[in-house]
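Structure record follows, encoded as structure tokens.
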Amino acid sequence: MDKMLVRASSPMIEGGVKALNHETDLKLAEDAIPANLNMLEGMITIDPDNALLHTYAAQAYYGLSYGFNEDRRPQRASAFYLRGLKHGLTALRIKGARNLKNTTIADFQQQVNNMGKDDVAAMFWTASNWAKWIDMHRDSPEALAQLARATALMQRIIELDDTFYYGGAHMFFGVYYGSRAPVLGGNFEKSRQNFDRAREITDNKLLIPDLLQAQYLDRQEQNKKDFHRRLTRIINAPKDLMPELGLQNQIAKRKATLLLKRENQWF
């Protein structure tokens, strides 16, 4: 009976996610997420084999880390990304995947190739948490060795539905190709193409693609003018530019302000 009640609550959770995404008061959103996470964790305790709940938890931990902890409390953010990753991997395990973190790359790729559209959400939030956790542990060879797995998941998402979560996989590849020099595997043209595709998907109303392009590609190219222009546009963008993602755009504004303060340090 408890499991039935939990599963009947799924539409309520989805409605809560949508409501939170509309929120433009960052303090209110930051205060709300932990309570929602506690509720999710409680529901998962009742229904541990519910892949959808684990996927929601992976998304929530990512949002809590990226939006409210990464810039001020990196160690806390890293721990939350790891929690999100574990929930994402659990969701994929429930859906049929096996030992994704430790199996051989060949077997991992074969399993990813067999994943379909119903797996996209779990794949995306797994890969998003994985990639951010790796990014926060760049000095660790063990962490960097896992990047190929996050990349394979994102590539499969591109193949199945490149518009998922507002072109999030394209933003990943924009950073992937734009954050490294060409001699180290970077590709500035591919980076621009992916950021452009993300902007196309959101009709240039989501501010995150510009934020990431300034933070990674513009810095790598030492393009101070573009860096300044993009971040200034974000800060000056209207509050209601994309109401359904008002929270993400407010987070982008705050992050853009922090990045601009480091302009003279980086250029």
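Ala237 satisfies every condition listed in (1) small (Gly, Ala, Ser); (2) within 14 Å of the chain's Cα centre (by Cα); (3) under 22 Å from Lys27 (Cα atoms) except (2). Of the set (1) in contact with a Pro (Cβ under 9 Å, 6 or more places away or on another chain); (2) at pLDDT below 95, all apply to Lys239 but (1). Here Ala58 qualifies as within 16 Å of the chain's Cα centre (by Cα), surrounded by 20 or more Cβ atoms within 10 Å (Cβ to Cβ) and within 23 Å of Gln155 (Cα to Cα).
Looking at Arg233, is it crowded, with 16+ Cβ neighbours inside 10 Å and either modelled with pLDDT of 95 or more or under 15 Å from Ala127 (Cβ atoms) (or both)? Criteria not met by Arg233. Of the candidates Ala152, Ala198, Ala181, the single residue that is farther than 23 Å from Asn69 by Cβ and at pLDDT below 95 is Ala181. In the range 98-108, is there at least one residue being in a helix (DSSP H, G or I) and within 23 Å of Ala198 (Cβ to Cβ)? The answer is no, given that none of the residues of the range 98-108 is in a helix (DSSP H, G or I) and within 23 Å of Ala198 (Cβ to Cβ). Scanning the range 242-258 turns up no residue that is crowded, with 18+ Cβ neighbours inside 10 Å, among the acidic types (Asp, Glu) and touching a Lys or Arg at 6+ places or on another chain (Cβ under 9 Å). Going residue by residue through the range 1-22, is there one that turns out to be surrounded by fewer than 15 Cβ atoms within 10 Å (Cβ to Cβ), among the acidic types (Asp, Glu), farther than 26 Å from Asp135 by Cα and touching a Phe, Trp or Tyr at 6+ places or on another chain (Cβ under 9 Å)? Yes: the range 1-22 contains one or more residues that are surrounded by fewer than 15 Cβ atoms within 10 Å (Cβ to Cβ), among the acidic types (Asp, Glu), farther than 26 Å from Asp135 by Cα and touching a Phe, Trp or Tyr at 6+ places or on another chain (Cβ under 9 Å). Annotation: of all residues in the range 203-242 being aliphatic (A, V, I, L, M) and not in a helix (DSSP H, G or I), the one that is farthest from Asn264 (Cα to Cα) is Met242.
Evaluate the range 55-65: report whether one residue or more is in contact with a helix residue (DSSP H, G or I) (Cβ under 7 Å, 6 or more places away or on another chain), outside any helix (DSSP H, G or I) and closer than 22 Å to Phe172 by Cα. Among the residues of the range 55-65, not one is in contact with a helix residue (DSSP H, G or I) (Cβ under 7 Å, 6 or more places away or on another chain), outside any helix (DSSP H, G or I) and closer than 22 Å to Phe172 by Cα, which makes the answer no.
In the set (1) under 15 Å from the mean Cα position of the chain (by Cα); (2) part of a helix (DSSP H, G or I); (3) of a type in the set (Asp, Glu), Glu70 fails one condition alone, (2).
Quick grid of which residues meet (1) more than 21 Å from Gln250 (Cα to Cα); (2) without any contact (Cβ under 8 Å) to a residue 24 or more places away in the chain; (3) aliphatic (A, V, I, L, M):
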| position | (1), (2), (3) |
| --- | --- |
| Asp2 | yes, no, no |
| Ile13 | yes, no, yes |
| Thr24 | no, no, no |
| Asp31 | no, yes, no |
| His54 | yes, no, no |
| Ala60 | no, no, yes |
| Gly63 | no, no, no |
| Asn69 | no, yes, no |
| Ala79 | yes, yes, yes |
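Scanning the range 23-45 for residues that are surrounded by 15 or more Cβ atoms within 10 Å (Cβ to Cβ) and more than 30 Å from Lys239 (Cα to Cα) gives Met43, Ile44.
The values are calculated or read from the model by the stated rules, or taken from the named source; none is laboratory data. These numbers come from a predicted model, not from an experiment. Note that we place each Cβ from the backbone using ideal geometry, even for glycine, and neighbour counts take in every protein chain shown.
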